[in-house]
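The values are calculated or read from the model by the stated rules, or taken from the named source; none is laboratory data. Note that the structure is predicted; figures quoted are calculated from it, not measured. Heads up, the Cβs are rebuilt from the backbone with ideal geometry, glycines too, and the neighbour counts pull from every protein chain shown. Calculation scope for accessible area: heavy atoms of the full protein, side chains included, ligands and nucleic acids excluded. Shrake-Rupley method; radii C 1.70, N 1.55, O 1.52, S 1.80 Å.
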2 protein chains.
Amino acid sequence: MASGKARARSIRQFVPILEWGSDYRKDTLISDLVAALIVTIMLIPQSLAYALLAGLPAEMGLYASILPLVAYAIFGTSRALAVGPVAVVSLMTAAAIGNLGLEQGTSDYALAAITLAFLSGAILLVMGVFRLGFLANFLSHPVIAGFITASGLLIAASQMKHILGVDAHGHALFDRLATLIGNVGETNLITLAVGAASIAFLFWVRKGLKPLLLSLGLAPRLADILAKAGPVLAVAVTTLLSVAFDFQGKGVSIVGDVPQGLPPLTAPSFDLEIWGQLLGSALLISIIGFVESISVAQTLAAKKKQRITPDQELVGLGASNIAAAMSGGYPVTGGFARSVVNFDAGAETPAAGAFTAVGIALAALLLTPLLYFLPTATLAATIIVAVLSLVDFGILKRTWTYSKADFAAVAATILLTLTFGVELGVSAGVVLSIVLFLYKTSRPHIAEIGLVPGTEHFRNIDRHKVLTHPQLLSLRLDENLYFANARFIEDYILDRLAHDQPIKHVVLNCPAVNAIDLSALESLEELNRRLFDMGIKLHLSEVKGPVMDRLQRTHFLDELHGQVFLSHYGAMRALGPVDGTKPKLAAE
Amino acid sequence: MASGKARARSIRQFVPILEWGSDYRKDTLISDLVAALIVTIMLIPQSLAYALLAGLPAEMGLYASILPLVAYAIFGTSRALAVGPVAVVSLMTAAAIGNLGLEQGTSDYALAAITLAFLSGAILLVMGVFRLGFLANFLSHPVIAGFITASGLLIAASQMKHILGVDAHGHALFDRLATLIGNVGETNLITLAVGAASIAFLFWVRKGLKPLLLSLGLAPRLADILAKAGPVLAVAVTTLLSVAFDFQGKGVSIVGDVPQGLPPLTAPSFDLEIWGQLLGSALLISIIGFVESISVAQTLAAKKKQRITPDQELVGLGASNIAAAMSGGYPVTGGFARSVVNFDAGAETPAAGAFTAVGIALAALLLTPLLYFLPTATLAATIIVAVLSLVDFGILKRTWTYSKADFAAVAATILLTLTFGVELGVSAGVVLSIVLFLYKTSRPHIAEIGLVPGTEHFRNIDRHKVLTHPQLLSLRLDENLYFANARFIEDYILDRLAHDQPIKHVVLNCPAVNAIDLSALESLEELNRRLFDMGIKLHLSEVKGPVMDRLQRTHFLDELHGQVFLSHYGAMRALGPVDGTKPKLAAE
């Protein structure tokens, strides 16, 4: 019985729909349907636009917004996350396939996008099953912030060609701008007018529409939601204008034929050479997508005191991407803006996502003929307005004030992403964060400490008036002791002693030492021997339980010429009165 | 005046010979001369043998033992370090040039060795001038131990072909053994007899000669030094046998022509393509050579209460390698065994090294004709006996007992070095050590703590009988807070609270938190907001000075809903008596 119960729990854990689906009620249904309707209206132009950004035909954006949402509804744990195409992952998809040297618009390019979704899904599933979600933690906040800002600029720049109606290419910002400026003389003025007007309208919708609706007496939430429908209005109006004034005949780029109907059944390429070429990109897309998704999911869950399970989220997103690969889509993840709208519109369960999928499926069945005349400049305008809100140079100032290491990571990520593209930018950011962390821990803070008069507390002699003893050197080690700093600490102590002859005892105060690895242990052994050769005893104080347990498995404590004291005060009392010398104020 | 003095000091700092040379005395001279004589006798067979190991003509071993020693005497800071060809660096030289696809015995191969010495010297000099010696700290002790053990096995295996007189090739152990076994039928029996007898003799010299000499009444130090002359005796005897019985005519490989005279003036290749191919290897050789050298130099200096300057050691070793490149040598570093002999024989200053150089120069001028008939099997035997003392599988047991992460680093380094060669082995070991360290710090120890009755101390509730309060959760964070663990800590706390409803206050006890980076700060801000949404206040206690300084530059302390307490006891007293609930023993 017990094992049957455990099995049932473990199945539910991997298929969360069994959990929330079992007590699904009518009022939940209504909330979910309303949220789904609003998200569908928002998602139609977005899915078309992001497919354009990824260099794919518009319908692939719609396909990526149907089955993947159903898969997430079954396997995901967030109740408000709205999965589908998103800007940054679309940009990364274009960069990844561009690396293969394939041209946009070809069937090989589309197959590569499907394969990328498949590989990304497989990686996410593997990470979920093996609980490797912690890998995403190595993307530090500054690196993510820098990457998102740079990506926003790259995306906006990439769309400028659609606004001007000219050609431009290259992955890095400067390449793109250079070819764009070279071709600026060929600007199509009608395209430019449509693009510029759409941008202006969409910015006004963001800033001006909501206050207007509020002043007209609408409820704030309704005003908020209506403002999100701005892109749909822009799409409708510019499509009508395009039909009325024959934009196509005047050289304006339009969306053209979008196949009508449900997504086709597709399969990824199984060419191992292509897998090898796409694997690195798929890993980056998976991790970036997961990080973007998990942070919004956690924020929204916390607002309702719900919890999401990061490792199960990997499974949910993995299933979504596999579904995308099987139904003509491309890599998807949880989108920030859409999820917030979904949450605000009242989504109660992942079923809202499944209902959104039905909405998009209906659009694919019924609305695609209407999209024929839609100018691509309108889609580019929706992208530009959406991504410019991602650009935040404030992070540079924040990090500069707080920590130069974090600033270096942000600045390098932004510069490298803009100069060399998304993949190199984010990889370099991660490596730099790790290198800076290792560098900091390899040169730890070591405080010489003394007794605060009248207490049993010890403080840094440079910051406080404290009592010290001429024959006793008390050093607080403010870091784990490990291979990268073992020699530094050894050298620091020996250098310190070279200038101070009367010292007979060195006590290392260890409350901040959470671990001592073998390299550091051997350094301590060596230090113990060398100090003894100099007539000095090495002692430890306030060693933590887990560290002490480990030391007891070695000969170190037998070989130590000094003692291990439970408290530093105890050490000072036991060692202080050597030959009657009195303690003195460090400041004297 | 002052600036002149400072300049003089800074020149002395970079040219230590000006320091110790200015008070050089007659008794120091005699000590240095005796030590130099003994090291010369030891170095002659070693330099020939290690050149053979590196795949170079024997005379390059002698050349690498002349000018480099003089350069080190001028720029080095260790008074006992004996610089010259060493086993591990010779093996790495062979591996590096083998990667280029050059064949041993060609002039291109020799030029590559000279270029490698030049690049290695340049890297060491740059590291010294820019004080980058700390980079060597990222080679953890387990990685070094594993690498040295595996190198010892690889070197011994590489010499088996000389003992058997057959052909064998490949960088990895298994390749080598496979080709060796394939050719074992062609074994030259005389070569085998010479090799086996030399090995047996040299092992006996190590184990049996010293006790014998002692029982004959010799002083222990003299007995020790005489035992080091064993290889010279083996060289002399086998050379005489080779002449007497015409080994050359019987197919025994002999050293052959060794040019007589002082080292030629040489220059490295300046082909940038070759530089590119050798640079990675040169970097590894520099760091491995520096680590080997610095550890023996520090140990010997400590015995005489002297200090060496790691960054100046880089300059000394760099100058040595540049000197090697200019005088027909190949990469050199401070050798472990020879330095100990030099120290024990009484070397007082680096001048002992310069005198050794004179000794080797005399050997190159006068003794080379005598080496013509020396069987290479004898040299191979001296190498095998020397390197087998490097092999220490005990490190596997030590690390297994102490820490599984250290064990993994040792085991991986040994296995990868044996399987894929020295360069990949040591690189993988370094990367693995770093990954394991990051993994550990990404999942920090978090202790729930309670008050030890009758004191103001707090301890882990799982280890001690302590008092806790039902509305107060006290957590001690045993790690720096940084990007890799920020989300882990956030998740841990939220998970912990999900199971414990009455909690109103969470106090994070931070004496072991030495740094909080921006990612962790943002995590704390998020945690503060989320807890507040749940009706819980977040507090901190015992935040360290440098961490507090940094937090004060942000809005965090203003936004924090709880307080920052100087002591955790203070926090418990201030927060404990919420609505009169009494503290209870955690064990109850």
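Are there GluC sites (Glu not before Pro) in the range A:391-482 that DSSP puts in a loop and that have at most 14 other Cβ atoms within 10 Å, and which ones? Answer by residue number: A:GLU456. Projecting label points 7 angstrom from Cα along Cα→Cβ for A:LEU214 and A:SER253 puts them 3.8 nm apart. Relative to the other identical copies, A:LYS305 shows label-point distances of 6.9 nm, where the label point lies 7 Å from Cα along the Cβ direction and values run shortest first.
Placing +1 on each Lys and Arg Cβ and -1 on each Asp and Glu Cβ, with no other charges, gives chain A a dipole about its Cα centre of roughly 1720 debye.
Note on the range B:445-585: antiparallel DSSP beta bridges, both residues inside, total approximately 45 percent of the bridges counted. Modelled spin labels at B:THR106 and B:LEU240, positioned 7 Å past Cα toward Cβ, are 4.2 nm from each other. Among B:ILE434, B:THR468, B:GLN312, which residue has its Cα positioned farthest towards the positive end of the charge dipole of chain B, with +1 placed on the Cβ of Lys and Arg, -1 on the Cβ of Asp and Glu, and the dipole taken about the Cα centre? Value computed over the given set: B:THR468.
Return the FRET efficiency for the residue pair B:PHE174, B:THR401: r is the Cβ-Cβ distance, R0 is 35 Å, and the value is rounded to the nearest 0.05. Given R0 = 35 Å and the Cβ-Cβ separation, E is 0.75.
Per-residue accessible area (protein heavy atoms, 1.4 Å probe) orders B:ARG338, A:ARG550, B:ARG553 as B:ARG553, A:ARG550, B:ARG338, starting from the largest. In percent, what relative contact order does chain A have, based on Cα pairs under 8 Å that are 6 or more apart in sequence? Reported as a whole number, the value is 22 percent.
Find the all-direction average of the projected area of the Cα convex hull for the range B:430-509, expressing the result in square nanometres with one decimal place. Don't skip to the answer; put the middle values down first.
Values: hull surface 25.4 nm².
That works out to 6.4 nm², a quarter of the Cα hull's surface.
Computed on the Cα atoms alone, the convex hull of the range B:31-107 gives a volume of 98 cubic angstrom per residue. Averaged over peptide B:540-549, the number of partner chain Cβ atoms lying within 10 Å of each residue's Cβ comes to 2. Here the average projected area of the convex hull drawn through the C-alpha atoms of the range B:445-585 stands at 7.9 nm². Taking only the alpha carbons of the range A:119-172, we obtain Rg and Dmax values of 16.7, 48 Å in that order. Protection proxy ranking of A:100-106, B:173-179, B:375-381, by the mean of other Cβ atoms within 10 Å over each peptide's residues and highest first, is B:375-381, B:173-179, A:100-106.
In terms of Cα atoms, the Rg and Dmax of the range A:144-243 work out to 16.9, 50 Å. When the surface is traced with a 1.4 Å probe over the full set of protein chains, B:TRP204 keeps roughly 120 Å² accessible. Shielding of peptide A:475-486 by partners, expressed as the average count of other chain Cβ atoms within 10 Å per residue Cβ, is 5. Net charge in the neighbourhood of A:TRP400 (other residues with Cβ under 12 Å of its Cβ; Lys, Arg +1, Asp, Glu -1) is +3. Measuring only protein heavy atoms, the 1.4 Å probe finds B:ASP517 accessible over about 10 Å².
With both partners inside chain B, how many of the DSSP beta bridges are antiparallel, as a percent to the nearest 5?
55 percent
Farthest toward the positive end of the dipole of the protein assembly as shown, out of B:ALA323, A:GLN260, B:ALA377, is the Cα of B:ALA323, where the dipole comes from beta carbon charges about the Cα centre. Seen from A:LEU436, the other residues with C-beta closer than 13 Å to its C-beta sum to a net charge of +1, counting Lys and Arg as +1 and Asp and Glu as -1.
Rounded to the nearest 20 debye, the dipole size of the protein assembly as shown about its Cα centre is 3000 debye, using +1 on the Cβ of Lys and Arg and -1 on the Cβ of Asp and Glu. Rounded to the nearest angstrom and listed largest first, the equivalent-ellipsoid semi-axes of the range A:410-471 from its Cα gyration tensor are 46, 10, 8.
Projecting 7 Å from Cα along the Cα-to-Cβ direction, the label point of A:VAL431 sits 1.1 nm from its equivalents in the other copies, listed shortest first. Taking every alpha-carbon pair under 8 Å whose residues sit at least 6 apart, the range B:480-522 reaches a relative contact order of 78 percent. Plainly put, the tip 7 Å out from Cα toward Cβ on A:HIS445 is 2.1 nm from that tip on each other copy, the closest given first.
In plain terms, if you count all Cα to Cα distances in the range A:25-411 and split them into 10 Å steps from zero, the share in each step is 5, 23, 34, 27, 9, 1, 0 percent.
Can you tell me how the range B:224-363 classifies by the Cα gyration tensor, rounded, prolate or oblate, using a/c under 1.5 as the rounded cut? Please list the in-between numbers first.
Working: a/c = 2.18, a/b = 1.22, b/c = 1.78.
Oblate, since a/c reaches 1.5 and b/c is not below a/b.
In this assembly, the A-B interface accounts for approximately 6300 Å² of buried accessible surface in total, computed with a 1.4 Å probe and without ligands, DNA or RNA. Rounded, prolate or oblate for the range A:378-511? Axes are the square roots of the Cα gyration tensor eigenvalues, ordered a ≥ b ≥ c, and the cut-off for rounded is a/c under 1.5. Here the range A:378-511 falls in the prolate category. Between A:LEU262 and A:TYR439, the modelled labels are 5.7 nm apart [label points 7 Å from Cα along Cα→Cβ].
Calculate how many DSSP beta bridges within the protein assembly as shown are antiparallel, expressed in % of all such bridges and rounded to the nearest 5. Of those bridges, close to 55 percent are antiparallel. By the helix-only formula, in which each DSSP H run with n ≥ 4 contributes -39500 (n - 2.57) and the sum is divided by residues, the protein assembly as shown has a 222 nm mean residue ellipticity of -20000 deg cm²/dmol. Report, as a whole number in µm² per second, the diffusion coefficient that Stokes-Einstein gives for the protein assembly as shown at 37 °C and 0.692 mPa s using the Kirkwood radius over alpha carbon pairs. The estimated diffusion coefficient comes to 95 µm²/s. These residues, B:LYS304, B:LYS465, A:LYS161, go from largest to smallest accessible area, 1.4 Å probe, as B:LYS465, B:LYS304, A:LYS161.
Exposure check, 1.4 Å probe, all protein chains in place: A:ASP23 carries approximately 100 Å² of accessible surface.
Given +1 on the Cβ of Lys and Arg, -1 on the Cβ of Asp and Glu, and no further charges, what dipole in debye does the range A:432-474 carry about its Cα centre, rounded to the nearest 20?
With Lys and Arg at +1 and Asp and Glu at -1, about 160 debye.
Annotation note: chymotrypsin sites (Phe, Trp or Tyr not before Pro) in the range B:69-131 located in DSSP loop regions with a Cβ neighbour count of at most 11 within 10 Å are B:PHE130. Placing unit charges on each Cβ (+1 for Lys and Arg, -1 for Asp and Glu) gives the range A:445-585 a dipole about its Cα centre, and among A:PRO546, A:PRO511, A:LEU451 the Cα reaching farthest toward its positive end belongs to A:LEU451.
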